[in-house]
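The values are calculated or read from the model by the stated rules, or taken from the named source; none is laboratory data. Just so it is clear, the structure is predicted and the values come from calculations on it, not from any experiment. Cβ sites come from the backbone with ideal geometry, for glycine too, and all protein chains shown count toward neighbours. The protein model used for the area step is the full one, side chains on, heavy atoms only, and it has no ligands, DNA or RNA in it. Shrake-Rupley method; radii C 1.70, N 1.55, O 1.52, S 1.80 Å.
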Amino acid sequence: MDFNVKRLAADAGTFLSRAVQFTEEKLGQAEKTELDAHLENLLVRAEGTKQWTERIMKQTEVLLQPNPNVRLEEFVYEKLEKKVPTRMNNHELLGHSMIDSGNEFGPGTAYGNALIKCGETEKQIGGAERELIQSAAINFLTPFRNFLEGDFKTILKERKLLQVKRLDLDAAKTKLKKARMADARAVAEQELRMTQSEFDRQAEITRLLLEGVSSTHAHHLRCLNDFVEAQTTYYAQCYQYMVDLQKQLGSFPSSFSNNNQSSVSGGASISVPTIPVSASLPSVSAGHGSSTASGGFNELRSSNGSRKARVLYDYDAASSSELSLLADEVIMVSSVPGMDSDWLMGERGSQKGKVPITYLELLN
C-alpha cells in the first residue's frame, strides 16, 4: 500500500513538473531543448505525407463514387463492420432501362434491337467500373489507409512520447539550475543524466520511424502504378466496348424527315436519310472508294438500267413510298427520272419503293 502511494505521489510530481515546464516555456520563462534540424525536417515531411495521403484518398473516393450519400452509407456499414448492400451502378441502371425499353418496343425492330445492344454495352461498362473500384480499393486506397491508421499513428504516439521526454529533460535542467545545496545538486545531476539518456533514446526511436516514411513513399509509388494500370485497363475496356457497339449500330441508323421540304411533282415531300455513324469515322476513307461508289451510282442513273445492290444497314421506311431494308439483303435498284439524287427505286420481289443510296453498295 505504501509503495502504491509513493508511486502515485511520484507520478503526480512528475506530471506537475512537466506542466510547470510547459507553462513556463509558453510564457517565455523557461528554455526549451530544440530538436536537431534533421529530426525536425523528418517530422515536417511525415506530417505533409499524412495530409496529402488523406487528400488523395478523399478525391479518389469521390472519383470512384461521386454520390456523397452512397459514400456516407458505405462508411457507416464499414464502421459497423457490415457488408455493404450490392447495388447497380449508373451504367448498369441505364443498361437495364435500355434493355427493358428495347424489349417493349420489340427486339425485331431496328430501334428496339439497337436499344438492347446499347443496354448490354452499358452493363459491360458497369461491370468494368466495378472491377476498377475493387482494384483501386485493394491496391490503392487500402495501403494508403493502412499508413494513416497504422504507421502514422505509431509515429504520432512516439512523437508525443518524445515531447514528454523533452519536458522531463528541460524540467531536470531547470531543477539543476535552481539547486543550491551540494546534495540537491548531486540528485539533480543524476536526474538530468537519466532524463537526457531517455530523451536521446526516444529521439532515436522517433527518427528511425520517421525515416521509414521514405519506404512508405516507395510503397505508395507502387500502389500508384497499380492504380494507373487499373484505370488504363478500365478505359481500354470501355473504348473497345463502345467501338464494338458503334460497329453494331451501323446496322441501326435513324432517319428523319427534312424540315425544309422540297417540292417534287405532286408536291410530295422527300425524306432525307441520315448518314450512318460509321460513315463519319476516321477509319472510313473518303478518297478512292467513295468516288468509285459515286461513279457507280452516276452510271446507273445515266443508263436508266437496273443493278443489284447489297444493303449495308437496316432502314425503316418513313412513308408508304419508301421500301424498308434489312442489312446484307440483295435488292434490285434503278433510277427514276426526276427522283432526288440521294434516292433510287428499290425492288424486292413484288415490293417496290424509294431507298437511300447511302445504305447501298452496288454489286458488279
For the range 103-120, the count of residues that are more than 17 Å from GLN246 (Cα to Cα) and of a type outside the set (Asp, Glu) equals 6
Run down LYS82, LYS123, LYS177 and say which single residue is farther than 30 Å from LEU221 by Cβ and touching a His at 6+ places or on another chain (Cβ under 8 Å). LYS123
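Can you say whether ARG7 is at pLDDT 70 or above and either open to solvent by 70 Å² or more (accessible area, probe 1.4 Å) or in contact with a Phe, Trp or Tyr (Cβ under 7 Å, 6 or more places away or on another chain) (or both), as far as the supplied structure shows?
no
Just checking, how many residues over the range 48-97 are closer than 30 Å to GLU158 by Cβ and open to solvent by 70 Å² or more (accessible area, probe 1.4 Å)?
Of the residues in that region, 11 qualify.
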Which one of GLU189, GLU129 is surrounded by 14 or more Cβ atoms within 10 Å (Cβ to Cβ), among the acidic types (Asp, Glu) and over 30 Å from LEU63 (Cβ atoms)? GLU189
Report yes if some residue within the range 98-110 is within 21 Å of the chain's Cα centre (by Cα) and surrounded by 12 or more Cβ atoms within 10 Å (Cβ to Cβ); otherwise report no. no
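To keep it simple, each residue is scored yes or no on (1) of a type in the set (Ser, Thr, Tyr); (2) more than 20 Å from ASN113 (Cβ to Cβ).
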site: LYS308; (1), (2): no, yes
site: TYR313; (1), (2): yes, no
site: ASP316; (1), (2): no, no
site: LEU325; (1), (2): no, no
site: VAL333; (1), (2): no, yes
site: PRO337; (1), (2): no, yes
site: ASP340; (1), (2): no, yes
site: PRO356; (1), (2): no, no
Considering only the range 230-249, state which residues are at pLDDT below 95 and within 13 Å of the chain's Cα centre (by Cα). none
Examine the range 197-216 for a residue that is surrounded by 12 or more Cβ atoms within 10 Å (Cβ to Cβ), of a type in the set (A, V, I, L, M) and in a loop (DSSP other than H, G, I, E, B), and state whether such a residue exists. no
Matching residues in the range 343-364 - criterion: being open to solvent by 70 Å² or more (accessible area, probe 1.4 Å) and in a loop (DSSP other than H, G, I, E, B): SER350, ASN364
Neighbours by Cβ (under 6 Å, 6+ apart or cross-chain): first from the range 59-73, within 17 Å of LEU132 (Cα to Cα); second surrounded by 12 or more Cβ atoms within 10 Å (Cβ to Cβ) and of a type in the set (Val, Ile, Thr): LEU64/ILE133
Just checking, does the range 164-173 include any residue being within 30 Å of ARG18 (Cβ to Cβ) and open to solvent by 50 Å² or more (accessible area, probe 1.4 Å)? yes
May I ask you to verify whether ARG348 is touching a residue at least 40 places away in the same chain (Cβ under 8 Å) and of a type in the set (D, E, K, R)? no
The condition of being within 30 Å of TYR315 (Cβ to Cβ) and open to solvent by less than 60 Å² (accessible area, probe 1.4 Å) holds, among ALA137, ALA114, ALA184, ALA179, only for ALA114
Exactly one of GLY106, GLY95, GLY126 is over 22 Å from CYS238 (Cβ atoms), small (Gly, Ala, Ser) and out of contact with any Leu (no Cβ under 7 Å at 6 or more places or on another chain), and that one is GLY106
